[in-house]
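Trainee: Structure below; questions to follow.
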Amino acid sequence: MSALGASPDRSDADAKLRGQAIFGADLSRTGMLWASLARSPAAAGKIRAIDPVPALRVDGVLEVVTAADVPDWRTGVIVSDTPMLAADYVAYEGEPVAIVVAESRAAAEAGARSVAMDIEPVEPVSTPEQALAPGARLVHPGWNRFAVAGGADIGRNGNVVAEVVHDPGDLDEAFATADLVVEGTYRTPRQYQAHLEPKMALATYSSGRFTIEVSHQYPFRVRDRVAQILGVAPSAVRVVGHHIGGGFGAKLDVSLEAFAALLAQRYRRPVRMQHTSLEERLAAPCRANAITAVRTAVRHDGTILATDVEIVSDSGAYANNGPALSSIPMFVFGSIYQVGTARIRTRNVYTNTAPTGAYRGVNGPWLVFANERHMDAIADALGRDRREFRLASLAQDGDLMRNGQPLDQVSILREAFDRVDDLSGWQDAGAGELRGVGQAAAIWLTNPMPGHATVKLNEDGTATVITSATENGSGAVATGLRQIAAEALGLATEHVTVTMPDTDATGYDAGSQGSRTTHVVGRAIADASAEVRSHVLDRASQMLEAAAEDLVISDGVVSVAGVPTASVTLGQVAQAATWTEGPIAAGASYVTPTPPHDPLCATGMLIKGWPTPTYHLHQAEVSVDPVTGHVTVDRYIVCQEVGRAIHPNAVIGQIQGGVAQGLGFALSERVDLDHGRYVQRTFKQHGLPLAADVPRVEAIVMEHADPAGPFGAKGAAEPPVVPVAAAIANAVADAIGAPIDSLPIRPEDVLDALERTQ
């Protein structure tokens, strides 16, 4: 029986259901100290003095560490702009200015609240518009002294962290000859990841090495960033992973780990840190807020001659991942639709707000929102049916994306339109007063980067996979990786175990991000398992006195084809090998090749290609209450291409979860800023969708095997969130007969739009 296409139980299910799984928030060590950060209450200001005395009066507080006591260089993922502790200037509310060390968590947190700060307020640069205004105050006057990884030219200038420009230079003629020009400006807010387990770190120091225990999506990044911050070799840092209570991108970079490591070295005792719920919000690397302006030249027959896109996204006070994410618009605009020529300019800017970062789908949801709202706007301007216009504008296999990368399977989208129409006919969907239907299509990548795994056959006939791939809740490790190894080795899935991450014990892995685990680490496991299988067949052929090519492996037994009585178990093979030539084990690595592309297609571009693309179509049906403006999602359909569904139930679960997060982004979640400071500070204010707000998601899973993937698998977990806001907004606009070009779609906005139509 094949292990693929089944939906076995997760390996972590029993422990999690019984409350026995050890999360980072559960960790404790004998003799452990606690530490907490004192954070700036101001969004911008000059530090005149930090007074530790009130904190030192708190019973149990041992020390208050300030900028004078920590490394004074700046570090960062791409731009080295971030100090460990602010020394003379704070750039956002919540920026760390001191560390309080204590014998208990309560004392550490009380001490952090007691640190006296004399900060001279400075009017914050609160919005991207303010950051780009003529004569705007520089968030970082010394920006040109910040080093960039690899010395890359990312277009920095003043408050502009990074700029990516693709300009073929032929737009003016296209716009001059157009029959009409359609313009739109699309505004989207931040979105908070809202994971339940707070960020934490537990560090120890011994024999010149740091050990850091975490609940983290990317242990090797923790290793490398802690080494960067403390100025030590990466090999001096060991990171051990535990169960993760949610992350959605928020746990992809360091937060508390370097502070805990520094203090562990200082005190030679274990040091534990953990965010409070308020700190989680103040320091959350939210999805970036952005403004996307699109202008399109169109002929009366619907031919798009040119598209001009201008994007400004908010990096917050530090660069974080913003320079890399600024490349993504190149793969959203002018990809799945034929848009003639296109000019795309993206600027990522500093503001005096908390740094933004990765959230499931990164900036895809707001880019697709702008792109798909604009497709509806063009169709409306032409008097065309919105579905028919999309189909007429779809790219063809072999067409090139803006980076010169060929689209090999974009025709999958035509299949998606047909399959959604078969389930819910477009013409009848959303019929009725104040009811509407919307569609949104998207292409999304399967994140590449290195993955490694070692597969060993145990002497009892089971297998162990040793990898630092992290189980972030999707089931990629708890089910998918086990199934891939089981299929390759002829085992039942329950006979495969995957270890927890440990950077000392495994090869490099780039973490749980961008749906990469099943595709990349799964490929490494498939390759390693193939080598293990070869060893098994060689050894078994000697034991059975048969040619290796005549042997089959099934259900943990190696037998001669057609002669099932001539057999040995995998355990017998493993034992025989162990005591003759050594244990049977193999390791393999995989990195997704960069697709063919034009390296000179744009300036400032860090992400060059769009590897292992998947294709998606969402359709939403909504109704609008004319009295309250409340939007109800009546029906939601997803057609998603995944390559091969290793664990179908897990794929459908990820689709449902992604849609739920997308609904929150579209309709209810609030992450507002007032002079640089977050307004919403509790879940009660946040507006997360509840179970009653989320409809049953009807999922159509399309399988088009990818030759490079393990048994054909591509990524599946990240992209379901990407088209949701666009589909919902298009449906609401259809229902009320007025454009919806900003998120979230609040009831008052709906009522205002309805009033304008009367």
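The values are calculated or read from the model by the stated rules, or taken from the named source; none is laboratory data. Here the structure is a predicted model, which means the values were calculated and not measured. With ideal geometry, Cβ positions are generated from the backbone for all residues, glycine too; neighbour counts draw on all protein chains shown. SASA here: full protein model, heavy atoms, side chains in, ligands and nucleic acids out. Shrake-Rupley method; radii C 1.70, N 1.55, O 1.52, S 1.80 Å.
Trainee: Let me know the shape class of the stretch 557-658, please: from the alpha-carbon gyration tensor, a ≥ b ≥ c as square roots of the eigenvalues, rounded when a/c is under 1.5, otherwise prolate if a/b is greater than b/c, or oblate.
Mentor: It is oblate, given that a/c is not under 1.5 and a/b is not larger than b/c.
Trainee: Averaged per residue, what accessible area in Å² does the stretch 522-671 show with a 1.4 Å probe, protein chains only?
Mentor: 40 Å²
Trainee: Continuing with the same structure: Please tell me the relative contact order of the chain in percent, rounded to the nearest whole number, where contacts are Cα pairs under 8 Å and at least six residues apart.
Mentor: With pairs under 8 Å counted, the relative contact order is 16 percent.
Trainee: Probe radius 1.4 Å, ligands and nucleic acids ignored: give me the carbon and sulfur share of the accessible area of the chain as a rounded percent.
Mentor: Carbon-and-sulfur percentage of accessible area, whole number: 50.
Trainee: Using a 1.4 angstrom probe with every protein chain in place, what is the largest-first accessible-area order of ILE607, ILE443? Kindly include the intermediate steps, with their values, before the conclusion.
Mentor: Values: ILE607 50, ILE443 5 Å².
Greatest to least solvent exposure: ILE607, ILE443.
Trainee: Could you report the accessible area of CYS639 in Å², rounded to 10, computed with a 1.4 Å probe on the protein chains as they sit in the structure?
Mentor: Solvent-accessible area, nearest 10 Å²: 0 Å².
Trainee: Something else: As an exercise, use a Förster radius of 51 Å and the Cβ-Cβ distance of LEU434 and ALA133 to find the FRET efficiency, rounded to the nearest 0.05. Write down the numbers at each step before the final one.
Mentor: Details: r = 40 Å, r/R0 = 0.78.
With a Förster radius of 51 Å, E is 0.80.
Trainee: Here's something else I'd like to know. May I ask what percent, to the nearest 5, of DSSP beta bridges between residues of the stretch 602-758 are antiparallel?
Mentor: 65 percent
Trainee: Over the stretch 253-347, what is the mean sequence separation of C-alpha contacts under 8 Å (at least six apart), divided by residue count, expressed as relative contact order in percent?
Mentor: Relative contact order for the stretch 253-347 comes out at 23 percent.
Trainee: Also, quick follow-up: Accessible area of MET84, 1.4 Å probe, to the nearest 10 Å²?
Mentor: Its accessible surface works out to 20 Å², give or take rounding.
Trainee: Moving to a separate point now. Where the centroid of each part is defined by its Cα atoms, how far is the stretch 291-343 from the stretch 593-618 in Å?
Mentor: Distance between centres, Cα-based: 14 Å.
Trainee: Output ³J(HN,Hα) for the stretch 579-585: one whole-Hz value per residue in order, computed from phi by the Karplus curve 6.51 cos²θ - 1.76 cosθ + 1.60 with θ = phi - 60°, and x for Gly and Pro.
Mentor: 8, 10, 10, x, x, 8, 7
Trainee: At each listed q (0.06 Å⁻¹), what is the log10 of I(q)/I(0) that the Debye formula gives for the chain modelled as equal alpha-carbon point scatterers?
Mentor: -0.39
Trainee: Cross-link list LYS608/LYS714; LYS199/LYS684; LYS46/LYS684: which exceed 27 angstrom alpha carbon to alpha carbon?
Mentor: In this structure, LYS46/LYS684 exceed 27 Å between Cα atoms.
Trainee: Hey, got the dipole for the chain? About the Cα centre, +1 on K and R Cβ, -1 on D and E Cβ, debye to the nearest 20? Numbers along the way, then the final one.
Mentor: Numbers: 61 positive and 87 negative charges, 417 e Å.
The dipole of the chain has a size of about 2000 debye.
Trainee: Here's another thing I want to ask about it. When all protein chains stay in place, what accessible area (Å², nearest 10, 1.4 Å probe) is found for ILE99?
Mentor: Solvent-accessible area, nearest 10 Å²: 0 Å².
Trainee: To continue, here is another question. Sort GLU581, GLU280, GLU163 by accessible area with a 1.4 Å probe, largest first. Could the numbers behind the result be given before it?
Mentor: Numbers: GLU581 120, GLU280 10, GLU163 40 Å².
The most accessible residue leads, giving GLU581, GLU163, GLU280.
Trainee: A further question follows. With both partners inside the chain, how many of the DSSP beta bridges are antiparallel, as a percent to the nearest 5?
Mentor: Among the beta bridges of the chain, antiparallel pairing accounts for roughly 80 percent.
Trainee: Can I ask one more? Just report the Cα centroid separation between the stretch 124-173 and the stretch 411-467, whole Å.
Mentor: 35 Å
Trainee: Before I look further, what does the stretch 168-280 give for accessible area per residue, probe 1.4 Å, in whole square angstrom?
Mentor: For the stretch 168-280, the per-residue accessible area is 34 Å².
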